[in-house]
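Accompanying notes for the structure given below.
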Amino acid sequence: MKLIEVIVDEGSLKTVTAIAEKHDARDFRLGAKDENDMRLMRLVVTDDSVQGVLDALQSVLGAQPYAKLLVYPVDISLPKQTEEQQEKESQATQAREALYKEVQKNSRLDLNYLVLVMLSTVVAAIGLIENNVAVVIGAMVIAPLLGPNLAFGLGTALGDLSLMKNSLKTLFAGVLLAVSLSALMGVLWPFPLTSPELISRTDAGLDSIALAFASGAAAALSLSTGLPSVLVGVMVAVALLPPAATFGLMLGHARIDLASGAALLLAVNVVSVNLACKLVFLLKGVGPRTWWEKETAKKAMRRYIFVWVVTLMVLGVVIYIRTLSI
């Protein structure tokens, strides 16, 4: 459940009351009115009703420059909800505003992001070279590549070009940094190319598409439903960071044949993760508030899904050809 506080003009009382009744608010209370004729109103609503209430209230707030809307999570509510109510809320999609805040925070191109990419790349490269699975998993936990991928998928769903551009810039910078740093390590560290963990990342197959697609879908589902995303972050890191590090290490060793395989695996994973994110957001009904924004976002979503599907098919053909030639 969520507690929504609305500070609006006294004249909006009937409208807010009607919104509370329409969306079956669990509780609706009126607070004090100040000297500017602004009144505090509180609504307690279920998670599956939050988005509808926020959309309706934003229509009221649009014409009031001093109005405010605050949303608080309700950790404990007594008496307890019924099992049916708990089941219904557990399947609810988070409000788009909460989703936007979360992905925007995790997709910023700042010093913290770059440092985390550098650290995770060094750890992953050492784990791959030494064939140490535990170290590779450690790098997957550190890797911050989940954020920009989810942000791009959400930006497409909302038709937000600014979020899409920023997330692509962040993702590109992260992958470029990972590849460059690992390539430098490959030049300075003349290790033998015998590690199974390393060699396995130079061969892309159809199972790689399935892994990356499942990872992206799990990440988007976790974000949209508010489930813990730590394990999902690990899954996405599995699909993105090791191939990027392998690509750089092979470039540092001037093994273009093996580097091309790692690059193909990285490309397949990026496309699969993003396509899965877009499909999940589409199925969960995540979209803009106004109808004209919805139409724009719907067209953009269809266009990007088509592009990603075609790209994935092309990459699948390349994988099939490489398999025949080996």
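Assess whether V103 counts as being crowded, with 16+ Cβ neighbours inside 10 Å, modelled with pLDDT of 90 or more, within 26 Å of the chain's Cα centre (by Cα) and assigned to a helix (DSSP H, G or I). So V103 does not fit the description; no. Taking the condition over 22 Å from T225 (Cβ atoms) and within 32 Å of the chain's Cα centre (by Cα), does A20 pass? Spelling it out, A20 is indeed over 22 Å from T225 (Cβ atoms) and within 32 Å of the chain's Cα centre (by Cα).
Residues that are assigned by TED's automatic domain parsing to the domain that holds V187, assigned to a helix (DSSP H, G or I) and out of contact with any helix residue (DSSP H, G or I) (no Cβ under 8 Å at 6 or more places or on another chain) do not occur anywhere in region 265-282. In summary, E130 fulfils each of the numbered conditions (1) acidic (D, E); (2) at pLDDT 85 or above; (3) more than 30 Å from T194 (Cβ to Cβ) with the single exception of condition (3).
Let's see how each residue does on (1) crowded, with 21+ Cβ neighbours inside 10 Å; (2) farther than 21 Å from N269 by Cα:
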| position | (1), (2) |
| --- | --- |
| N132 | no, yes |
| M140 | yes, no |
| G147 | yes, no |
| L158 | yes, yes |
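If you go through region 182-212 and pick out every residue that is closer than 18 Å to Y320 by Cα, surrounded by 17 or more Cβ atoms within 10 Å (Cβ to Cβ) and not hydroxyl-bearing (S, T, Y), you end up with 5. Every residue in region 1-55 that is among the basic types (K, R) and either within 15 Å of K68 (Cβ to Cβ) or at pLDDT below 85 (or both), please. K33, R39, R42, listed by residue number.
Criterion applied to T202, T121, T170 was being of a type outside the set (G, A, S) and modelled with pLDDT under 90, and the one residue passing it is T202.
The values are calculated or read from the model by the stated rules, or taken from the named source; none is laboratory data. Since the structure is predicted, the reported quantities are computational estimates derived from the model, not experimental observations. Don't worry about glycine lacking a Cβ; one is built from the backbone with ideal geometry, like all the others, and counts go over all protein chains shown.
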